[in-house]
Amino acid sequence: MKRYEYFANLQREAERAKERTRRRYLRDVSAALPCGPRRKREILRGLREMLECDGAPESRAELEAEIGTPESLAALYVGEDALPILRRMTRRRRIVLTAVIVLLLVQTVVLTAMLLFPMGHYEEHIESLDNGFGFDEVTFNLEPEIAHIRSAKKTATYFDSRGARVWSITVYGTFGYTYGSKSKATETYTEITLYNPDAALCSEDGYAAGNMAYATATVRCGDLLLSRNVSLTCDAYGRLH
């Protein structure tokens, strides 16, 4: 019984190897044929029937010796003179098809971005209110551990797709710091400016925490709900971020 199973397994492996060889051969012939899908299917169907007949070649070398190489079959079916022309046409069609697919993918990405994100952008800038120099404790009554102060504002402005300003949020901050040692926000407030007549303020808030002055607001303009957070910090060297 084991001897029978052994030979049966050998026969199955041989059949699978033969089928793999035939599939690769037909695949290469298909790649070499520069004709339309319908004509290509007809040619491959006829070759498949030929390969499934009893006594058909089994190895790749035998297939190419008795039936022909993929290139020779392509020349046989479409003609040697027409083969280069058809192949150039096929390459051009593939290039055009690839370009169309890439273009469609780019358009899909752009449309998705337009649907997910409002068509507009924010621009931020920081403006020092003390000409870039911190004032010392002689001028201001500061806490004992604070030697200098800085005052500045940070603004984020929203521009629509045409480049027109819609609204802006500004956080003002006053900071006390000891050079190279520590810093803290001592005072802050928020300012909202609406440039578009259709824009309306929904909410705003602001606070100071550590060395940061923070502001947040939400504005509605038409169908868009625009929210923005702005934070202004001052480090222990008086540098604003």
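The values are calculated or read from the model by the stated rules, or taken from the named source; none is laboratory data. Computed from a prediction, not measured in an experiment: that's the story for all the values here. Heads up, the Cβs are rebuilt from the backbone with ideal geometry, glycines too, and the neighbour counts pull from every protein chain shown.
Okay, here's what the table says:
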| item | result |
| --- | --- |
| Pairs with Cβ under 7 Å, 6+ apart, first in segment 23-39 and within 14 Å of E71 (Cβ to Cβ) and part of a loop (DSSP other than H, G, I, E, B), second modelled with pLDDT under 80 and hydroxyl-bearing (S, T, Y) | L33/Y77; P34/T90 |
| Long-range neighbours under 7 Å by Cβ, at least six apart or interchain, first residue farther than 16 Å from V230 by Cβ within segment 117-133, second at pLDDT below 85 and surrounded by 12 or more Cβ atoms within 10 Å (Cβ to Cβ) | P118/L224 |
| Inter-residue pairs, beta-carbon under 8 Å, first more than 30 Å from A236 (Cβ to Cβ) and in segment 183-199, second in a loop (DSSP other than H, G, I, E, B), 6+ apart | Y195/A164; N196/A164; D198/G222 |
| Members of segment 218-241 found to be over 19 Å from M119 (Cα atoms), among the small types (G, A, S) and at pLDDT 90 or above, listed by number | S231 |
| Any hit, segment 154-173, residues being in a strand (DSSP E or B), modelled with pLDDT of 85 or more and over 34 Å from the mean Cα position of the chain (by Cα) | yes |
| Residue satisfying condition, being modelled with pLDDT under 65, of a type in the set (G, A, S) and in the same structural domain as T216 (by TED's automatic domain parsing), within set G132, G79 | G132 |
| Any hit, segment 205-226, residues being touching a residue at least 60 places away in the same chain (Cβ under 8 Å), more than 25 Å from I149 (Cβ to Cβ) and surrounded by fewer than 18 Cβ atoms within 10 Å (Cβ to Cβ) | yes |
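Residues checked against (1) over 29 Å from D130 (Cα atoms); (2) in the same structural domain as S128 (by TED's automatic domain parsing); (3) in contact with a Gly (Cβ under 8 Å, 6 or more places away or on another chain):
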| residue | (1), (2), (3) |
| --- | --- |
| S183 | no, yes, yes |
| I192 | no, yes, no |
| C202 | yes, yes, no |
| D205 | no, yes, no |
| A215 | no, yes, yes |
| V219 | yes, yes, no |
